[in-house]
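The values are calculated or read from the model by the stated rules, or taken from the named source; none is laboratory data. If you're wondering where the values come from, they're calculated on a predicted model, not measured in any experiment. Note: ideal-geometry Cβ built from the backbone for every residue, glycine included; neighbour counts use all protein chains shown. Just the protein is used for accessible areas: all its heavy atoms, side chains included, with ligands, DNA and RNA removed. Shrake-Rupley method; radii C 1.70, N 1.55, O 1.52, S 1.80 Å.
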Amino acid sequence: PDEALHLPDGGDGARVVPHGGSVTWSSHRRRWIAIFTQRFGKPSPLGEIWYGEASSPYGPWRRAVKIATHANYTLYNPVRHPFLDSDRGRTVWFEGTYTDQFADRPTPTPRYDYNQILFRLDLDDPRLQAAREAG
């Protein structure tokens, strides 16, 4: 999503301002899905990862659901890899840059600083329901 978008989240209605991510077509959901980092999120200012759905790649992105958190650590620039989809697109994969940079004196993860970490997401997970209903 565009950095200028302000999305209400799936819980308390607080605004989520995107900071980089990817928007791709989901054959399983038959919708556009966004996976993105939250700008100045909590508990990590650059490590909260969100999911949203829309009928167009331009939105509207009405609601997002947090799918990963990195307390006092950084995960940014998440990118979905559609070529890794499995279960007819039900399971999607995305990666992000994992680093202790941009955090407040974090305890470094040995041998993982500035690595790409791969994540799996089940699009039928009931915790994504709020994003599905709003998109």
Report whether or not Ala134 is in contact with a Lys or Arg (Cβ under 6 Å, 6 or more places away or on another chain), modelled with pLDDT under 90 and not acidic (Asp, Glu). yes
Check off (1) touching a His at 6+ places or on another chain (Cβ under 6 Å); (2) under 19 Å from His19 (Cα atoms) for Leu123 and give me the number that stays unchecked. (2)
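Please verify whether Val65 is open to solvent by 30 Å² or more (accessible area, probe 1.4 Å) and either assigned to a strand (DSSP E or B) or modelled with pLDDT of 95 or more (or both), treating the condition exactly as stated.
Working: open to solvent by 30 Å² or more (accessible area, probe 1.4 Å): no; either assigned to a strand (DSSP E or B) or modelled with pLDDT of 95 or more (or both): yes.
Answer is no for this residue.
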Among the residues of segment 53-68, the number that are under 13 Å from the mean Cα position of the chain (by Cα) and free of Cβ contacts under 8 Å to residues at least 60 places away in the same chain is 2
Residues satisfying the stated conditions in segment 20-58, i.e. crowded, with 21+ Cβ neighbours inside 10 Å, in a strand (DSSP E or B) and polar (S, T, N, Q): Thr37, Gln38
Quick one: in segment 75-107, of everything that is at pLDDT 95 or above and assigned to a loop (DSSP other than H, G, I, E, B), which residue is surrounded by the most Cβ atoms within 10 Å (Cβ to Cβ)? Asp85
Within segment 14-31, which residues are within 15 Å of the chain's Cα centre (by Cα) and closer than 15 Å to Asp124 by Cα? Ser26
Which ones in segment 28-51 are out of contact with any His (no Cβ under 7 Å at 6 or more places or on another chain), under 17 Å from Leu118 (Cα atoms) and small (Gly, Ala, Ser)? Ala34
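Would a scan of segment 42-52 turn up a residue that is hydroxyl-bearing (Ser, Thr, Tyr), free of Cβ contacts under 8 Å to residues at least 12 places away in the same chain and farther than 15 Å from Arg127 by Cβ? Can you show your working first?
Here is the first cut: in segment 42-52, the ones hydroxyl-bearing (Ser, Thr, Tyr) are 44, 51.
If we keep only those that are free of Cβ contacts under 8 Å to residues at least 12 places away in the same chain too, we end up with none.
Taking every residue of segment 42-52 in turn, none turns out to be hydroxyl-bearing (Ser, Thr, Tyr), free of Cβ contacts under 8 Å to residues at least 12 places away in the same chain and farther than 15 Å from Arg127 by Cβ.
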Given (1) part of a strand (DSSP E or B); (2) in contact (Cβ under 8 Å) with a residue 40 or more places away in the chain; (3) of a type outside the set (Asp, Glu), identify the lone condition not met by Gln116. (2)
